[in-house]
Structure formats: structure tokens, C-alpha cells
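Reading through the C-alpha cells given below for one structure.
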Amino acid sequence: GVLGRQVVELKQDGDGGTVQYRVVVPDASASAEATEAALTQYFNLHVDVSSLHCEWLKSGSTTELYRQWRGVVAAGGERCVYLRVLRQDPHECLFTFLCTQNNNVARITQMVDKFCAAYGEALGEVEGTSWHAFPTLERLGAEAFSGDLEGALRGLGFGYRAKFVDGTVVSLLEKRTDLMSLRGGAYADVLEVLTALPGVGRKVADCVALFSLDQHQVTPIDVHVLRIAKHCLAGEVDFKKTLTPTAYNAVQAAFEKDFGPYAGWVHSMLFHAEMTGLDTSTKRQQQRAKSEGSSSSSSSSSSSNASPPRKRKAQRLPKGPPEGRGEEAHSESHS
């Protein structure tokens, strides 16, 4: 995948252990040390996941939300324990999440690929695949102020989301908003800045906060997490037909009460379990089967078209805590 202005190949050992990397399209301005530092930051390798799990396991909480997490960990093992939250570039994260509204992963991926091909710097070609960097805000601004960015994006299949991307580009540049400066800042300040942007509601803002701005305690509430919350927090939270700000805040508070300053990482584990069917609750399995029953008869499964890892010599991923392995939580999987 693309990391900044270079293309990097990752490969994990068959036993689920060491992750190795190889730069297949280099950036002449980036040293080996800079690349390792970028990978370390991208995968949040400074976060000791094993220690976090030990703390959570010792908590002794008796809530249904905590029991749900314990069940997922028991069922998923290392597949869940070592799942990591990514630390993306804030602009890349923001514009990607603007594409997720009322969308699915396959279409989101296609839209982002077209976006990069149209406005991102061409980095090179690897085995017949062309790679592009994510578009810079300056390049997008040039298109927005001197051309018709919204119209062009509609032509790429963005639909109504084109207006939000165009408006956000203009707003960021006109107000000289520095998203990077929000990293590690107060959550209220982050939320205020992000929700002032066109098309950015609470969920999208929380996704950007968690996946790029170091707000590890934040739990974005989408339809999947809401389903978990309604099961685990029934009787504690007053859920209306639509998710009210009060209920949203109550769900976030429940996650943070049980899991503390890294509650967002637990959110991603439960989200992963929900999306992959890794669910230990018989009642929730029955509820999901019932809700999906009407569409299951007409749907068909499709096999992944992803290519197997290419066998090449690779360097080890930069040293981090021994738990720095396993799957990562991708922002694009949230919709």
C-alpha cells in the first residue's frame, strides 16, 4: 500500500508473528530511518496492546459490555487481541470517511482509488498496478478554486458526497485549519473543528478523531456498534428510534468507563467481531439471523480477489512492543 510518497509491501509470518516490510516504490527524499518511523507511527506501535489487555482483564467489571468483550477475545484469540487502530494522515482519513456515508467497503475503496488516480501524484507501477499518493490539500484547493472539483467528483461517482469533499477543501483552506495540530488535543476542541466542516457529523468526526488524531478513548457509533450497544446497554440507555446525542454520549461513556483511555481500541475489536460474525452471544446471533433472513435468500457469497502475499525478501517491521503484530483496524471498514 501507499505510505506517504512511497509504496510499501507488508508480509506477516505464517504463525501470525513478525511483520516484515519492503519498499517497492521508494521516495528518494525518505531515508530508511524515516520509513521505519512512519510505519511505527502508522501502526501505533508505541501502544503496548498486551499491557492494555492485561489491565482490562484485571478490571473485574460485571457489565454486559465487558462480558461481550471477554467473549469476543475468548472466541477470536490473537486475531482480536492484536488488532491495531491505525494512525492515518488526518486529511486522508477525513476525506476517506466523507466517502463512507451510506456506502459499502467495495464502493468506498473504488471511490478512493479514483480520487487518488485523478488528483494524487503518480508514484510508479508495480506488476501492472499504478500507484498514486493521496491528493494533497493544496492540489485539491487548486481544483476547487479554479475549476469544478464538485462536478469532477460527481463524474467519478461520488454523488452527493462530492459537495461535501469540495466544501471541506474550501473550508480548511479559507480558515487555514491545521488538522495535524489537533493531535492529542482536547476532544471537545477536535469535535468542534471537525463538525464545523461540510458533511461531517458526529460519527465521521469521531472516526477521524480515533483513526488519525490520537483520541484513543473515542468510540464512533455507527449502525454496527449501535446494535452492540442496544444489546449490552439495554435498560441503561434510553434508545429512541433514532440515535440522539444523549444516547450517543451515554454509549461512549459506558465504553470509557469499562475500558478507559483506550476504549476506542475495544470498540474496534467489537466492530471487527460484528462485521466478521465472531459473536459469542446466542441471543444476538439469533437477532442478527432474523434481521438478515429476508435478504439472505437472495444474496450470494463471493470469494476474495486479493492476491496472496508475494514471496520476496523483506526487512523486519521496526522494533516496537512484542505485541506489535496481527490485524489492523481499517477506517474504511466503518460505514
Problem set entry | Share of Cα-Cα pairs in the range 1-153 lying beyond 18 Å, as whole percent | 70 percent
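Charges only on Cβ, +1 for Lys and Arg, -1 for Asp and Glu: so what's the dipole of the range 156-236 about the Cα centre, in debye to the nearest 20?
Details: 9 positive and 9 negative charges, 53 e Å.
My answer is approximately 260 debye.
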Problem set entry | Geometric extent, Cα atoms of the range 80-209 - Rg, Dmax (angstrom) | 15.0, 48
Exercise. Which residues' amide hydrogens lie under 5 Å from the amide hydrogen of HIS132, considering only partners 5 or more residues apart or on another chain, with H built in the peptide plane?
Worked result: LEU123
Exercise. At what distance in angstrom do the alpha carbon centres of the range 209-249 and the range 42-107 lie from each other?
Worked result: 14 Å
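Give me the dipole magnitude in Debye, nearest 20, for the range 1-152 about the Cα centre, with unit charges on the beta carbon: positive for Lys and Arg, negative for Asp and Glu. Kindly include the intermediate steps, with their values, before the conclusion.
Values: 12 positive and 20 negative charges, 130 e Å.
Here the range 1-152 has a charge dipole of around 620 debye.
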Exercise. Once you put a point 7 Å from the Cα of ARG139 and another 7 Å from the Cα of LYS230, both along the Cβ direction, what distance in nm separates them?
Worked result: 4.2 nm
For this session: Output the peptides 189-200, 49-60, 93-104 sorted from most to least packed, where packing is the average of other Cβ atoms within 10 Å over each peptide's residues.
Result: 93-104, 189-200, 49-60
Seminar exercise, completed: Here, LEU173 and THR244, labelled 7 Å along Cα→Cβ, have an inter-label distance in nm of 4.2 nm
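A 24 angstrom limit on the alpha carbon distance is what I want to check against. Which of LYS203/LYS230; LYS11/LYS203; LYS11/LYS58; LYS58/LYS240; LYS114/LYS175; LYS114/LYS163 exceed it? Provide the component values of the computation, followed by the final result.
Values: LYS203/LYS230 17 Å; LYS11/LYS203 32 Å; LYS11/LYS58 33 Å; LYS58/LYS240 34 Å; LYS114/LYS175 27 Å; LYS114/LYS163 16 Å.
The answer is LYS11/LYS203; LYS11/LYS58; LYS58/LYS240; LYS114/LYS175.
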For this session: Mind giving me the FRET efficiency for MET180 and ARG67? R0 is 35 Å, r the Cβ-Cβ distance, nearest 0.05 is fine.
Result: 0.35
For this session: Could you work out the per residue convex hull volume over the alpha carbons of the range 1-79, in cubic angstrom?
Result: 118 Å³
Seminar exercise, completed: Working note, the range 144-215: Cα radius of gyration (Å, one decimal) and Dmax (Å, whole number) are 13.2, 38
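Laboratory data are not the source of any read-out in this text; all were calculated from the coordinates shown. On a predicted model such as this, the values are computed, not experimentally measured, just so you know. Here Cβ is always computed from backbone atoms with ideal geometry, including for glycine, and neighbour counts include all displayed protein chains.
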